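The values are calculated or read from the model by the stated rules, or taken from the named source; none is laboratory data. The structure presented is a predicted model; accordingly, all values stated were derived computationally and were not measured. All Cβ positions, even for glycine, are placed from backbone atoms using ideal geometry, and neighbour counts span all protein chains on display. SASA here: full protein model, heavy atoms, side chains in, ligands and nucleic acids out. Shrake-Rupley method; radii C 1.70, N 1.55, O 1.52, S 1.80 Å.
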Amino acid sequence: MSQVLIERIEAFIVDLPTIRPHKLAMHTMQQQTLVIVRLRCSDSVEGIGEGTTIGGLAYGYESPESIKCNIDHHLAPALIGMDASNINAAMQRLDKIAKGNTFAKSAIETSLLDAQGKRLGLPVSELLGGRVRDSLEVAWTLASGDTSKDIAEAECMLEIRRHRIFKLKIGANPVEHDLKHVIAIKKALGDKASVRVDVNQYWDESQALRACQVLGDNGIDLIEQPISRINRAGQVRLNQRSPAAIMADESIESVEDAFSLAADGAASVFALKIAKNGGPRAVLRTSHIAEAAGIALYGGTMLEGTVGTLASAHAFITLRQLTWGTELFGPLLLTEEIVTEAPVYRDFALHVPRTAGLGITLDEERFARFKRH
Ligand code: MUC
Ligand code: MG
(Lines give C-alpha, C1' and ligand atoms only; values in the text may rest on other atoms or scores of the structure.)
(Ligands and ions follow the chains in the order given, each with its own letter.)
Protein backbone atom coordinates (compact mmCIF):
# COMPACT_ATOMS: atom_id res chain seq x y z
CA MET A 1 0.00 0.00 0.00
CA SER A 2 1.45 3.39 -0.94
CA GLN A 3 1.76 5.95 1.83
CA VAL A 4 -1.40 7.87 2.74
CA LEU A 5 -0.79 11.52 3.55
CA ILE A 6 -2.60 14.07 5.69
CA GLU A 7 -3.94 16.61 3.17
CA ARG A 8 -6.12 18.98 5.18
CA ILE A 9 -7.22 19.57 8.77
CA GLU A 10 -10.03 22.00 9.52
CA ALA A 11 -11.61 22.98 12.84
CA PHE A 12 -15.23 24.16 13.15
CA ILE A 13 -17.09 25.67 16.09
CA VAL A 14 -20.58 24.25 16.55
CA ASP A 15 -23.15 25.71 18.99
CA LEU A 16 -25.88 23.34 20.20
CA PRO A 17 -28.80 23.98 22.56
CA THR A 18 -29.07 22.05 25.87
CA ILE A 19 -32.21 20.43 27.29
CA ARG A 20 -32.05 22.74 30.34
CA PRO A 21 -29.55 25.09 31.96
CA HIS A 22 -26.70 23.03 33.45
CA LYS A 23 -25.34 24.66 36.62
CA LEU A 24 -21.73 24.07 37.57
CA ALA A 25 -19.93 25.97 40.34
CA MET A 26 -17.98 28.09 37.87
CA HIS A 27 -20.53 28.50 35.07
CA THR A 28 -24.15 27.89 34.07
CA MET A 29 -24.36 26.35 30.61
CA GLN A 30 -27.26 27.58 28.48
CA GLN A 31 -25.84 25.80 25.42
CA GLN A 32 -22.78 23.72 24.56
CA THR A 33 -20.08 24.68 22.08
CA LEU A 34 -18.20 21.87 20.34
CA VAL A 35 -15.04 22.11 18.26
CA ILE A 36 -15.21 19.55 15.45
CA VAL A 37 -12.11 18.60 13.46
CA ARG A 38 -12.28 17.21 9.92
CA LEU A 39 -9.07 15.55 8.75
CA ARG A 40 -8.82 14.76 5.05
CA CYS A 41 -6.34 12.15 3.81
CA SER A 42 -4.88 11.53 0.33
CA ASP A 43 -6.90 8.28 0.00
CA SER A 44 -10.10 10.40 0.42
CA VAL A 45 -10.74 8.98 3.91
CA GLU A 46 -11.97 11.59 6.37
CA GLY A 47 -11.42 11.39 10.13
CA ILE A 48 -13.60 13.30 12.59
CA GLY A 49 -12.50 14.52 16.02
CA GLU A 50 -13.83 16.77 18.79
CA GLY A 51 -12.18 19.04 21.35
CA THR A 52 -14.80 20.48 23.66
CA THR A 53 -14.64 22.41 26.91
CA ILE A 54 -17.20 23.90 29.30
CA GLY A 55 -18.04 27.60 29.72
CA GLY A 56 -15.57 29.29 27.40
CA LEU A 57 -12.48 29.86 29.55
CA ALA A 58 -14.30 29.25 32.87
CA TYR A 59 -13.19 25.61 33.18
CA GLY A 60 -9.72 25.36 31.66
CA TYR A 61 -7.03 27.19 29.74
CA GLU A 62 -8.44 26.41 26.28
CA SER A 63 -11.63 28.00 24.90
CA PRO A 64 -13.50 26.85 21.77
CA GLU A 65 -12.04 29.82 19.91
CA SER A 66 -8.47 29.14 21.07
CA ILE A 67 -8.81 25.44 20.23
CA LYS A 68 -9.88 26.33 16.69
CA CYS A 69 -7.28 29.08 16.32
CA ASN A 70 -4.38 26.92 17.55
CA ILE A 71 -5.42 24.03 15.32
CA ASP A 72 -5.77 26.29 12.27
CA HIS A 73 -2.53 28.22 12.82
CA HIS A 74 -0.16 25.81 14.56
CA LEU A 75 -1.24 22.16 14.79
CA ALA A 76 -2.73 21.58 11.33
CA PRO A 77 0.17 23.16 9.36
CA ALA A 78 2.64 20.96 11.30
CA LEU A 79 0.88 17.78 10.15
CA ILE A 80 0.11 18.47 6.50
CA GLY A 81 2.02 16.01 4.29
CA MET A 82 2.76 13.58 7.14
CA ASP A 83 1.84 9.89 7.01
CA ALA A 84 -1.83 9.68 8.07
CA SER A 85 -1.37 6.11 9.32
CA ASN A 86 1.48 6.92 11.69
CA ILE A 87 -0.32 8.32 14.71
CA ASN A 88 2.79 8.07 16.92
CA ALA A 89 4.79 10.26 14.55
CA ALA A 90 1.98 12.80 14.13
CA MET A 91 1.31 13.19 17.86
CA GLN A 92 5.02 13.34 18.71
CA ARG A 93 5.34 16.15 16.18
CA LEU A 94 2.48 18.04 17.86
CA ASP A 95 4.06 17.57 21.29
CA LYS A 96 7.30 19.00 19.89
CA ILE A 97 5.77 22.11 18.33
CA ALA A 98 3.07 22.88 20.93
CA LYS A 99 3.13 22.86 24.73
CA GLY A 100 -0.14 21.90 26.45
CA ASN A 101 -3.21 22.42 24.22
CA THR A 102 -4.45 18.96 25.16
CA PHE A 103 -8.04 19.68 24.05
CA ALA A 104 -6.87 20.62 20.55
CA LYS A 105 -4.48 17.65 20.44
CA SER A 106 -7.24 15.31 21.58
CA ALA A 107 -9.45 16.43 18.69
CA ILE A 108 -6.66 15.74 16.22
CA GLU A 109 -5.63 12.40 17.74
CA THR A 110 -9.28 11.34 17.60
CA SER A 111 -9.57 12.31 13.93
CA LEU A 112 -6.42 10.33 13.07
CA LEU A 113 -7.78 7.26 14.87
CA ASP A 114 -11.18 7.62 13.18
CA ALA A 115 -9.54 7.88 9.75
CA GLN A 116 -7.23 4.92 10.37
CA GLY A 117 -10.12 2.81 11.68
CA LYS A 118 -12.21 3.62 8.59
CA ARG A 119 -9.22 2.84 6.35
CA LEU A 120 -8.65 -0.56 7.95
CA GLY A 121 -12.32 -1.37 8.61
CA LEU A 122 -11.71 -1.52 12.38
CA PRO A 123 -13.42 0.22 15.30
CA VAL A 124 -11.16 2.66 17.19
CA SER A 125 -11.31 0.35 20.24
CA GLU A 126 -9.57 -2.35 18.18
CA LEU A 127 -6.84 0.10 17.10
CA LEU A 128 -6.32 0.75 20.81
CA GLY A 129 -5.60 -2.91 21.45
CA GLY A 130 -9.10 -4.36 21.62
CA ARG A 131 -12.26 -3.91 23.65
CA VAL A 132 -12.97 -6.05 26.68
CA ARG A 133 -16.66 -5.01 26.86
CA ASP A 134 -19.28 -3.49 24.54
CA SER A 135 -20.99 -1.07 26.89
CA LEU A 136 -20.24 1.30 29.74
CA GLU A 137 -22.41 2.27 32.71
CA VAL A 138 -23.23 5.98 32.48
CA ALA A 139 -23.96 8.38 35.35
CA TRP A 140 -26.21 11.43 34.96
CA THR A 141 -25.53 14.86 36.42
CA LEU A 142 -28.33 16.52 38.34
CA ALA A 143 -27.60 20.21 37.92
CA SER A 144 -30.88 22.10 37.62
CA GLY A 145 -30.03 23.95 40.83
CA ASP A 146 -33.35 22.94 42.44
CA THR A 147 -33.58 20.03 44.92
CA SER A 148 -37.11 18.87 44.07
CA LYS A 149 -36.54 19.18 40.31
CA ASP A 150 -33.34 17.13 40.70
CA ILE A 151 -35.16 14.41 42.66
CA ALA A 152 -37.92 14.24 40.04
CA GLU A 153 -35.30 14.04 37.26
CA ALA A 154 -33.47 11.20 39.07
CA GLU A 155 -36.71 9.26 39.68
CA CYS A 156 -37.53 9.54 35.99
CA MET A 157 -34.05 8.29 34.97
CA LEU A 158 -34.41 5.28 37.29
CA GLU A 159 -37.89 4.55 35.95
CA ILE A 160 -36.77 4.51 32.30
CA ARG A 161 -33.57 2.57 33.25
CA ARG A 162 -31.30 5.22 31.80
CA HIS A 163 -29.19 6.05 34.88
CA ARG A 164 -28.79 4.80 38.46
CA ILE A 165 -25.70 6.83 39.32
CA PHE A 166 -26.17 10.54 39.94
CA LYS A 167 -23.54 13.23 40.25
CA LEU A 168 -24.53 16.51 41.86
CA LYS A 169 -22.72 19.70 40.91
CA ILE A 170 -22.16 21.71 44.08
CA GLY A 171 -19.78 24.34 45.43
CA ALA A 172 -21.35 27.61 44.28
CA ASN A 173 -23.69 27.87 47.28
CA PRO A 174 -22.77 28.09 50.99
CA VAL A 175 -21.53 24.68 52.18
CA GLU A 176 -24.45 24.08 54.58
CA HIS A 177 -26.95 24.77 51.79
CA ASP A 178 -25.17 22.34 49.46
CA LEU A 179 -24.95 19.63 52.13
CA LYS A 180 -28.71 19.87 52.77
CA HIS A 181 -29.38 19.65 49.02
CA VAL A 182 -27.22 16.56 48.57
CA ILE A 183 -28.49 14.75 51.68
CA ALA A 184 -32.12 15.41 50.69
CA ILE A 185 -31.51 13.84 47.27
CA LYS A 186 -29.68 10.83 48.73
CA LYS A 187 -32.51 10.31 51.27
CA ALA A 188 -35.14 10.47 48.53
CA LEU A 189 -33.34 7.95 46.32
CA GLY A 190 -32.04 5.63 49.08
CA ASP A 191 -30.30 2.46 47.97
CA LYS A 192 -31.82 2.66 44.48
CA ALA A 193 -28.99 4.93 43.36
CA SER A 194 -25.39 5.92 43.91
CA VAL A 195 -25.17 9.65 44.71
CA ARG A 196 -21.90 11.52 44.23
CA VAL A 197 -20.79 15.13 44.23
CA ASP A 198 -18.48 17.29 42.14
CA VAL A 199 -17.29 20.46 43.90
CA ASN A 200 -15.16 21.70 40.98
CA GLN A 201 -12.45 22.98 43.41
CA TYR A 202 -14.82 25.38 45.20
CA TRP A 203 -14.11 24.47 48.86
CA ASP A 204 -11.05 25.31 50.88
CA GLU A 205 -9.48 22.59 52.97
CA SER A 206 -11.17 23.73 56.21
CA GLN A 207 -14.61 23.47 54.58
CA ALA A 208 -13.79 20.25 52.77
CA LEU A 209 -12.58 18.38 55.87
CA ARG A 210 -15.97 18.68 57.55
CA ALA A 211 -18.09 18.47 54.42
CA CYS A 212 -16.43 15.23 53.23
CA GLN A 213 -17.06 13.70 56.65
CA VAL A 214 -20.76 14.72 56.59
CA LEU A 215 -21.22 13.51 53.01
CA GLY A 216 -19.52 10.18 53.71
CA ASP A 217 -21.64 9.67 56.85
CA ASN A 218 -24.77 10.24 54.76
CA GLY A 219 -24.07 7.65 52.09
CA ILE A 220 -22.35 9.77 49.41
CA ASP A 221 -19.79 7.42 47.91
CA LEU A 222 -17.56 9.67 45.79
CA ILE A 223 -16.36 13.28 46.12
CA GLU A 224 -14.85 14.83 43.02
CA GLN A 225 -12.23 17.59 43.18
CA PRO A 226 -13.32 19.16 46.49
CA ILE A 227 -10.44 21.69 46.67
CA SER A 228 -8.13 23.58 44.34
CA ARG A 229 -5.78 21.62 42.11
CA ILE A 230 -3.05 23.91 43.42
CA ASN A 231 -3.39 22.68 47.04
CA ARG A 232 -1.65 19.35 46.62
CA ALA A 233 -0.79 18.89 50.33
CA GLY A 234 -4.45 19.52 51.19
CA GLN A 235 -5.56 16.93 48.65
CA VAL A 236 -3.27 14.37 50.24
CA ARG A 237 -4.68 15.11 53.71
CA LEU A 238 -8.29 14.94 52.46
CA ASN A 239 -7.61 11.68 50.67
CA GLN A 240 -6.36 10.22 53.95
CA ARG A 241 -9.27 11.49 56.07
CA SER A 242 -12.42 11.45 53.94
CA PRO A 243 -14.76 8.49 54.56
CA ALA A 244 -15.95 8.84 50.94
CA ALA A 245 -13.50 8.22 48.08
CA ILE A 246 -11.78 11.34 46.69
CA MET A 247 -11.57 11.67 42.90
CA ALA A 248 -9.11 13.91 41.03
CA ASP A 249 -10.54 15.78 38.04
CA GLU A 250 -9.17 19.31 37.51
CA SER A 251 -5.95 18.11 39.20
CA ILE A 252 -5.21 16.12 36.04
CA GLU A 253 -4.31 18.41 33.17
CA SER A 254 -1.77 16.04 31.66
CA VAL A 255 -0.41 12.51 31.91
CA GLU A 256 2.45 13.96 33.99
CA ASP A 257 -0.06 15.41 36.50
CA ALA A 258 -1.53 11.92 36.87
CA PHE A 259 1.91 10.56 37.70
CA SER A 260 2.65 13.16 40.38
CA LEU A 261 -0.82 12.79 41.96
CA ALA A 262 -0.28 9.04 42.15
CA ALA A 263 3.20 9.51 43.61
CA ASP A 264 1.85 11.89 46.29
CA GLY A 265 -1.20 9.75 47.16
CA ALA A 266 -3.52 12.69 46.47
CA ALA A 267 -6.59 10.76 45.23
CA SER A 268 -7.95 7.23 45.28
CA VAL A 269 -9.89 7.64 41.99
CA PHE A 270 -8.90 9.33 38.72
CA ALA A 271 -11.41 10.90 36.32
CA LEU A 272 -10.14 9.96 32.85
CA LYS A 273 -10.78 12.64 30.22
CA ILE A 274 -9.42 12.43 26.70
CA ALA A 275 -9.38 16.23 26.43
CA LYS A 276 -7.24 16.71 29.55
CA ASN A 277 -4.62 14.22 28.43
CA GLY A 278 -4.40 14.89 24.71
CA GLY A 279 -6.52 12.15 23.15
CA PRO A 280 -7.84 8.60 23.47
CA ARG A 281 -4.33 7.10 23.39
CA ALA A 282 -2.96 9.68 25.81
CA VAL A 283 -5.74 9.04 28.34
CA LEU A 284 -4.80 5.36 28.38
CA ARG A 285 -1.31 6.35 29.55
CA THR A 286 -2.96 8.00 32.57
CA SER A 287 -5.05 4.87 33.15
CA HIS A 288 -1.87 2.77 33.17
CA ILE A 289 -0.31 5.03 35.81
CA ALA A 290 -3.46 4.68 37.92
CA GLU A 291 -3.54 0.90 37.51
CA ALA A 292 0.10 0.61 38.55
CA ALA A 293 -0.55 2.79 41.61
CA GLY A 294 -3.75 0.99 42.67
CA ILE A 295 -5.90 4.05 41.88
CA ALA A 296 -9.46 3.33 40.72
CA LEU A 297 -10.80 4.61 37.38
CA TYR A 298 -13.80 6.64 36.25
CA GLY A 299 -14.60 7.56 32.66
CA GLY A 300 -15.04 11.33 32.72
CA THR A 301 -16.46 13.86 30.25
CA MET A 302 -16.09 17.49 29.27
CA LEU A 303 -19.73 17.25 28.12
CA GLU A 304 -18.67 16.52 24.58
CA GLY A 305 -21.18 15.72 21.85
CA THR A 306 -21.36 12.32 20.19
CA VAL A 307 -17.93 12.47 18.49
CA GLY A 308 -15.95 13.16 21.68
CA THR A 309 -18.19 10.89 23.73
CA LEU A 310 -17.63 7.91 21.45
CA ALA A 311 -13.90 8.68 21.20
CA SER A 312 -13.77 8.46 25.01
CA ALA A 313 -15.93 5.33 25.03
CA HIS A 314 -13.68 3.51 22.53
CA ALA A 315 -10.74 4.12 24.89
CA PHE A 316 -12.62 3.24 28.08
CA ILE A 317 -13.96 -0.10 26.78
CA THR A 318 -10.39 -1.33 26.48
CA LEU A 319 -9.82 -0.97 30.25
CA ARG A 320 -9.76 -3.95 32.59
CA GLN A 321 -11.80 -2.24 35.29
CA LEU A 322 -13.75 1.00 35.60
CA THR A 323 -14.68 0.71 39.26
CA TRP A 324 -16.75 3.92 39.25
CA GLY A 325 -18.31 3.65 35.78
CA THR A 326 -18.49 6.63 33.45
CA GLU A 327 -20.37 9.88 32.92
CA LEU A 328 -20.45 9.75 29.12
CA PHE A 329 -23.87 11.38 28.86
CA GLY A 330 -22.89 14.54 26.93
CA PRO A 331 -25.10 13.86 23.87
CA LEU A 332 -28.12 13.42 26.17
CA LEU A 333 -27.73 16.98 27.42
CA LEU A 334 -28.12 18.33 23.88
CA THR A 335 -31.38 18.75 21.99
CA GLU A 336 -29.73 18.44 18.58
CA GLU A 337 -27.44 15.85 16.96
CA ILE A 338 -24.85 16.49 14.22
CA VAL A 339 -24.19 12.84 13.32
CA THR A 340 -26.48 10.50 11.41
CA GLU A 341 -26.72 7.80 14.12
CA ALA A 342 -27.36 9.00 17.68
CA PRO A 343 -25.44 7.00 20.31
CA VAL A 344 -27.38 4.16 21.92
CA TYR A 345 -28.16 4.44 25.66
CA ARG A 346 -30.01 1.47 27.09
CA ASP A 347 -30.24 -0.32 30.47
CA PHE A 348 -28.08 2.27 32.28
CA ALA A 349 -25.30 1.98 29.70
CA LEU A 350 -23.85 3.46 26.52
CA HIS A 351 -23.45 0.81 23.83
CA VAL A 352 -20.33 1.37 21.73
CA PRO A 353 -20.58 0.74 17.96
CA ARG A 354 -18.57 -2.06 16.35
CA THR A 355 -18.45 -0.32 12.97
CA ALA A 356 -15.25 1.18 11.53
CA GLY A 357 -13.57 4.18 13.16
CA LEU A 358 -15.65 5.91 15.82
CA GLY A 359 -18.75 4.46 14.19
CA ILE A 360 -20.28 7.80 13.21
CA THR A 361 -20.97 9.87 10.09
CA LEU A 362 -21.48 13.64 10.17
CA ASP A 363 -24.96 14.77 9.14
CA GLU A 364 -23.86 17.46 6.67
CA GLU A 365 -27.13 19.35 6.69
CA ARG A 366 -27.26 19.59 10.49
CA PHE A 367 -23.55 20.29 10.73
CA ALA A 368 -23.93 23.22 8.32
CA ARG A 369 -26.97 24.47 10.27
CA PHE A 370 -25.25 24.58 13.69
CA LYS A 371 -21.74 25.50 12.55
CA ARG A 372 -20.67 29.01 13.60
CA HIS A 373 -19.99 31.28 10.60
C1 MUC B 1 -16.73 18.02 35.44
O2 MUC B 1 -16.17 18.83 36.16
O3 MUC B 1 -16.64 16.85 35.76
C4 MUC B 1 -18.83 16.42 33.85
C5 MUC B 1 -20.15 16.18 34.07
C6 MUC B 1 -20.78 17.41 34.29
O7 MUC B 1 -21.95 17.62 34.53
O8 MUC B 1 -19.84 18.38 34.23
C9 MUC B 1 -18.64 17.83 33.77
C10 MUC B 1 -17.42 18.49 34.20
MG1 MG C 1 -15.46 17.25 37.55
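Report the percentage of all Cα-Cα pairs in the range 288-373 whose separation exceeds 19 Å, rounded to a whole percent.
Tail of P(r) above 19 Å: 43 percent of Cα pairs.
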Checklist entry - Scattering from the C-alpha atoms of the range 227-373 alone, worked out with Debye: what is log10 I(q)/I(0) at q = 0.15 1/Å? => result -0.78
Item to check | Accessible area of the range 255-333 divided out per residue, in Å², using a probe of 1.4 angstrom | outcome: 24
Next on the checklist: Need the C-alpha centroid separation for the range 238-268 versus the range 169-227, integer Å.
Outcome noted: 18
Item to check | Rg(Cα)/(2.2 N^0.38 Å) for the range 211-297, N = residue count | outcome: 1.04
Next on the checklist: What percentages make up the Cα-Cα pair-distance distribution of the range 128-272 when the bins are 5 Å wide from 0?
Outcome noted: 2, 10, 20, 20, 17, 15, 9, 5, 1, 0
Item to check | Bins of 20 Å from zero: percent of alpha-carbon pairs in the chain | outcome: 31, 59, 10, 0
Checklist entry - If you put +1 on each Lys and Arg Cβ and -1 on each Asp and Glu Cβ, how big is the dipole of the range 171-222 around its Cα centre, in Debye rounded to 20? => result 260
Next on the checklist: Counting only Cα atoms, I'd like the Rg/Rh figure for the range 89-147, Kirkwood definition for Rh.
Outcome noted: 1.15
Checklist entry - Of VAL344, GLY305, GLN321, which is farthest on the positive side of the dipole of the range 287-373, counting Cα position, with +1 on Lys and Arg Cβ, -1 on Asp and Glu Cβ, and the Cα centre as origin? => result GLN321
Checklist entry - When every alpha-carbon pair in the range 160-206 is counted, what percent end up more than 14 Å apart? => result 52
Item to check | Nearest-ten-degree value, helix 205-217 long axis tilted from longest Cα axis of the chain | outcome: 80
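With +1 on each Lys and Arg Cβ and -1 on each Asp and Glu Cβ, how big is the dipole of the range 21-136 about its Cα centre, in debye rounded to the nearest 20?
So the dipole magnitude of the range 21-136 works out to roughly 140 debye.
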Next on the checklist: Before I look further, what does the range 30-132 give for accessible area per residue, probe 1.4 Å, in whole square angstrom?
Outcome noted: 37
Checklist entry - So, counting K/R as plus one and D/E as minus one, what does the shell of residues with Cβ under 11 Å around LEU328 add up to? => result -2
Checklist entry - Roughly how big is the range 77-165's charge dipole about its Cα centre, with Cβ charges of +1 (Lys, Arg) and -1 (Asp, Glu), in debye to the nearest 20? => result 400
Checklist entry - Rounded to a whole number, what % of the accessible area of the chain do carbon and sulfur atoms account for, probe 1.4 Å? => result 50
Next on the checklist: Among 300-312, 276-288, how do they line up by average Cβ neighbours within 10 Å per residue, starting with the highest?
Outcome noted: 300-312, 276-288
Checklist outcome for this item: Along the dipole axis of the chain (charges at Cβ: +1 for Lys and Arg, -1 for Asp and Glu; origin at the Cα centre), the most positive-end residue among ALA154, PHE103, LEU272 is LEU272
